[in-house]
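Notes follow once the structure below has been shown.
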Amino acid sequence: MSSPRRRSSGSQPSSPWRENRKNVAIVGGGLVGLLSAIYFSKRHFAIDVYEKRKDARNDKLISDRSINLALSSRGIEALRKVGLAKDVLDNAIPMKGRMIHDKSGKTNIQSYGMFGQVVYSIGRQKLHDILLEMVDSLPNVNLHFENEAREIDLDSSKIVLHDKDLNQLSDIYPDMVVGTDGAYSSVRRAIMKKEKMNFHQEYSNHGYKELTIPPTSTGQFAIKPNYLHIWPRNDFMIIALPNQDKSFTCTCFFKYELFEKLSDSLMISEFFKKEFPDLLKVIGKDRLINDFKSNPLGPLLTIKCHPYNHKDKAIILGDAAHCMVPFYGQGLNCGFEDVKTLFRLIEKYEDDYELAFNTFSRIRHKDAVAICDLSLENYTEMSSSVLSPFYKIERSIVNGLHWLFPTKIIPLYTMVSFSQISYHNVVKKNRTQKLLIRLGMVAITAGSTLALSSILLKRGFGKACVSTCMSIVSKCWDKK
Ligand SMILES: Cc1cc2nc3c(=O)[nH]c(=O)nc-3n(C[C@H](O)[C@H](O)[C@H](O)COP(=O)(O)OP(=O)(O)OC[C@H]3O[C@@H](n4cnc5c(N)ncnc54)[C@H](O)[C@@H]3O)c2cc1C
């Protein structure tokens, strides 16, 4: 079959490359959808991507999501497999670590890795353009903008499309449907009707709003460019990632009640003066108030579901399959890794799609749950733990052990962002490491206490002194 059978309006551009190929309809031409199209194009398929928005190249407002993204090893590896990593990284800004800003404007740097690893800040639009350019060059892929999948029936393999430009409905009958249509996926809804899908959705009590730190009057970055900046304030925080045009995109993660409270100009400026004085200075009061009032407030949510497929007829990837809060910067990385993992299975099972899809659903679900949970937990780390002396001590111990035993003890952040270890194994390994380190610390503390006690006893101090030492040690542990 060369292209999806289409009834009603809309003719399908034909190409010799499409002849005798099975047709895949990719619903959702976001970042994961475009990467999926590139991977599918390497197999014997004719691919049609249906995207409800306009062509991003003609409409710069492609997304109500973040302007830039932190791209790390998993995402990069998936891009590398199709030869896109270099192009993407050439357009990205490396970030060596976190720069923490306290209320007085003092900063503190926490490197990401012991061995100079970096995370990259890339503009969402730029990444989209690079993927689109490649998709456009593929003879067996057709892109259909302003085409929204309105209904999907997996019994008859029918998708009802609404062409916004022509204001017309048409039916297509692809051989396979790939749902990369984001958190509110219609393909997921269609799979739900056919499979016993478990589904869990939870909104965070934090929302997000973006602000911009413009370049300085001399066209330079206003704060250090090669870091992910964090202003942690426990219940709320702001982060900032650098952009190629020397600006920064800041994301305010506040509870909804706080956003509601900050309703007028005076309240906004007083709040920023008290909590983020250095940020107020680099953004500028007028711009900050204006952006804070007019920029949209976005929700943050977690979605977990299972299974991800219906036989070899339909599968969901990216946010359609798992949506996570952005505190680990892994949503897209995980979505790109989905695509890479799926195609590793398709290769392994020699194009037995049902086996590959079923296996993907089974193994990937554990990983999605693990990274959704880690992302929720990382809010506490970013917004408050980074300020705690205990966190800093534990971090130094783990980093020190990692330096001594680089393959045996690996910090959690390193495993998530700089390795290809499956997310669920990251969680397991981290639990074991934590236990071993804490046991080690208990053993060292107990050993030193015993040694100290014996010295004190030898020098004639009584039991009272030893028990005081013990109670101090145990209080320290309780506090931890
Ligand atoms: C504030 C914020 C910051 C983030 N930061 C990071 C980060 O630093 N690093 C990271 O890895 N991830 C980050 N993420 C997560 C990341 O944005 C998502 O995981 C990623 O965009 C998911 O891509 P996707 O293609 O699966 O879905 P989407 O980006 O949601 O794309 C879905 C596409 O499908 C289209 N569509 C939807 N329904 C239909 C339909 N019925 N018919 C046709 N088309 C349809 C939509 O128009 C859209 O283009 C962040 C998220 C947020 C909210």
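Could you run through region 71-85 and say how many residues are in a loop (DSSP other than H, G, I, E, B) and of a type outside the set (S, T, N, Q)?
Qualifying residue count, region 71-85: 4.
Between a residue in region 437-451 that is under 16 Å from residue 390 (Cβ atoms) and any residue that is open to solvent by 60 Å² or more (accessible area, probe 1.4 Å) and part of a helix (DSSP H, G or I), which pairs come within a Cβ distance under 9 Å, given they are 6 or more apart or on different chains?
Taking only residues 6 or more apart or on different chains, the pairs are 441/477; 442/477; 445/476; 445/477.
Can you tell me which of 264, 312, 278 is in contact (Cβ under 8 Å) with a residue 24 or more places away in the chain, farther than 24 Å from residue 380 by Cα and of a type in the set (Asp, Glu)?
After applying the criteria, what remains is 312.
From the list 30, 116, exactly one residue is open to solvent by 20 Å² or more (accessible area, probe 1.4 Å), out of contact with any Pro (no Cβ under 7 Å at 6 or more places or on another chain) and within 16 Å of the ligand (Cβ to nearest atom). Which is it?
30
Sort out for me the strands (runs of 3 or more DSSP E) sitting completely within region 137-182 that have 3 or more residues that are over 26 Å from residue 84 (Cβ atoms) and at pLDDT 95 or above.
Once the strands (runs of 3 or more DSSP E) in region 137-182 are filtered for at least 3 residues that are over 26 Å from residue 84 (Cβ atoms) and at pLDDT 95 or above, what remains is 147-153, 158-163, 168-173.
Would you check if there is a residue in region 77-85 being under 18 Å from residue 180 (Cβ atoms) and within 14 Å of the ligand (Cβ to nearest atom)?
So far as region 77-85 goes, yes, one or more of its residues are under 18 Å from residue 180 (Cβ atoms) and within 14 Å of the ligand (Cβ to nearest atom).
In this structure, does residue 111 turn out to be within 14 Å of the ligand (Cβ to nearest atom) and either in contact with a strand residue (DSSP E or B) (Cβ under 7 Å, 6 or more places away or on another chain) or open to solvent by less than 20 Å² (accessible area, probe 1.4 Å) (or both)?
No; evaluated as a whole, the condition is false for this residue.
Just to check your reading of the model, which residue among 169, 131, 127, 161 is in contact (Cβ under 8 Å) with a residue 40 or more places away in the chain, open to solvent by 40 Å² or more (accessible area, probe 1.4 Å) and at negative phi?
169
The values are calculated or read from the model by the stated rules, or taken from the named source; none is laboratory data. What you see is a predicted model, and the numbers here were worked out from it, not measured in a lab. Neighbour counts run over all protein chains shown; Cβ positions are idealised from the backbone, glycine included. What goes into the accessible areas is simple: the full protein's heavy atoms, side chains included, and nothing from ligands, DNA or RNA. Shrake-Rupley method; radii C 1.70, N 1.55, O 1.52, S 1.80 Å.
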